[in-house]
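Taken together, the values in this text are just the output of simple stated rules run on the coordinates, not laboratory data. Remember, predicted model here, so these are calculated numbers, not experimental data. Note: ideal-geometry Cβ built from the backbone for every residue, glycine included; neighbour counts use all protein chains shown.
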Amino acid sequence: MPSYAVTGTSRGLGLEFVKQLSLAPSNTVFALVRNPSSATSLNQLAAQHPNLHIIQADITDPQSLVAAAAQISSSTNGTLDVLINNAVSTNTAVAPLLPSQIPLDVAGTQDFFKAATDSALYGAIWTTNAFLPLIEKGNAKKIVHISTGIADPKVIKGTGIANVVDYAVAKGAMNVLVAKYAAELEPKGIKVVAISPGWVDTWEGEKPAEVGEFIRFTLEHFRKLWPDLKGQLTPEESVKMVLEVVEALSPEQTGFMVSHHGDENWI
Ligand SMILES: NC(=O)c1ccc[n+]([C@@H]2O[C@H](COP(=O)([O-])OP(=O)(O)OC[C@H]3O[C@@H](n4cnc5c(N)ncnc54)[C@H](OP(=O)(O)O)[C@@H]3O)[C@@H](O)[C@H]2O)c1
């Protein structure tokens, strides 16, 4: 009866992770969400799947993660098999800015990076540390952080995407963190990995003009590296592939970022 905890499950890939995982009745799935009462789709899903449990947790609030881990521990006898840390927040206002446009003042620079760093770096640390005692007692012993191929320097150089600095830097830091955790936890048989889910259309409803423009910009730049790229994956396609990678995780992959293909093909 494998148990899974997934962060950031109100929408997008997080919602799709718990949707696919809860389809197997033998899985016990804990959907961590910042605001359970407003997570309409998640609540509807949980109403159909008795093995899906909604737990409040904000990855930028360590005490909420400790409380979530305690709640899960009380229903799993202190264990958890797989942690999938999927949540992220960024400041969309700073996404268009280039590195040379980061302000030359301390508060402005900290503000520029705050949302991305709080979630992708500190959130990854706090989520891991809150759940580590449960993972140590689990059978599968897997910790997965959802990262992004656009934090790979080869992708940045090959596509020429110079903006979206806060997000790429915070996810790059997450990838190094994954290597550090893997170095610490490998002797305990715990695998820690970063997985890039590919380029996925997780926008709900009609896209505003600026989102459409951002997608066109990204496609144009991605095609410098991948000329045959048609467009984005669906959440269903991406999550199915990521879960196959999680299932088959090898000792060689621990400590690294791998793609939804299990290699370094980020598209
Ligand atoms: N979509 C892509 O093409 C793509 C590509 C590469 C990597 N990724 C990665 O895949 C993951 C999911 O992406 P997505 O496209 O599904 O993102 P998304 O649609 O923006 O969803 C983000 C989720 O994270 C939650 N969240 C944000 N801040 C949180 C916090 N402090 N605590 C708990 N939950 C929080 C949001 O919930 P609220 O309702 O509470 O805001 C939401 O459920 C992210 O790590 C992202 O970097 C995505």
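Based on Cα positions only, what radius of gyration and what Dmax would you give for the stretch 71-157, in angstroms?
Cα radius of gyration and Dmax of the stretch 71-157 are 17.2, 51 Å respectively.
Take the Cβ-Cβ distance between SER74 and THR40 as r, set R0 to 25 Å, and report the resulting FRET efficiency rounded to the nearest 0.05.
0.40
Take the alpha carbon gyration tensor of the stretch 221-267, find the square roots of its eigenvalues, order them as a ≥ b ≥ c, and report rounded if a/c is under 1.5; if not, report prolate when a/b exceeds b/c, else oblate. Intermediate results must be reported in sequence, preceding the final value.
Details: a/c = 3.69, a/b = 1.56, b/c = 2.36.
The shape class here is oblate.
Calculate the length of the line joining the C-alpha centroid of the stretch 183-218 to that of the stretch 1-49, in whole Å.
What the calculation gives is 18 Å, centre to centre.
Calculate the FRET efficiency for LEU23 and ASP105 from the Cβ-Cβ distance with a Förster distance of 35 Å, rounded to the nearest 0.05.
0.10
What is the Rg over Rh value, at two decimals, for the stretch 156-196, using alpha-carbon atoms and the Kirkwood definition of Rh? Walk me through the numbers on the way to the answer.
On the way: Rg = 13.3 Å, Rh = 11.7 Å.
For the stretch 156-196, the value is 1.14.
Beyond 21 Å, how much of the Cα-Cα pair distribution for the stretch 138-267 remains, as a whole percent? Write down the numbers at each step before the final one.
On the way: 3662 of 8385 pairs.
Here the tail beyond 21 Å accounts for 44 percent of pairs.
Jot down the per residue volume, in cubic angstrom and as a whole number, of the convex hull over the alpha-carbon atoms of the stretch 1-100.
117
Which of the aspartates and glutamates could be linked to LYS137 by a straight reach, that is with a Cα gap under 20 Å, when you skip same-chain ones fewer than 8 residues away?
ASP81, GLU184, GLU186, GLU247
At what distance in nm do the modelled label points of THR202 and THR234 sit from each other, each positioned 7 Å from its Cα along Cα→Cβ?
1.8
Working out 0.36 nm times the residue gap between ARG216 and ALA162, then minus their Cα-Cα distance, what length gain in nm do you get to one decimal? The partial results should precede the final answer.
Numbers: separation 54, 0.36 × 54 = 19.44 nm, distance 1.54 nm.
Between ARG216 and ALA162, full extension yields 17.9 nm more.
Distance in nm between label sites at TYR122 and ASP61, each 7 Å beyond Cα in the beta-carbon direction?
Using points 7 Å along Cα→Cβ, the separation is 1.4 nm.
At a Cα cut-off below 18 Å, give the aspartates and glutamates reachable from LYS157, other chains included and same-chain residues fewer than 8 away excluded.
Excluding near neighbours in sequence, the set is ASP166, GLU220, GLU264.
Stokes-Einstein diffusion coefficient for the chain at 20 °C in a medium of 1.002 mPa s, Rh from the Kirkwood formula over Cα pairs: what value in µm²/s? Can you show the working numbers first?
Working: Rh = 18.9 Å.
My calculation gives 113 µm²/s for D.
Beyond 26 Å between alpha-carbons counts as too far, so tell me which of LYS207/LYS230; LYS19/LYS114; LYS19/LYS142; LYS207/LYS240; LYS154/LYS230; LYS142/LYS171 fall in that bin.
Those over the limit are LYS19/LYS114.
Taking the simple approach of a point 7 Å from Cα along Cα-to-Cβ for both VAL176 and ARG223, what is their distance in nm?
Roughly 3.5 nm, to one decimal.
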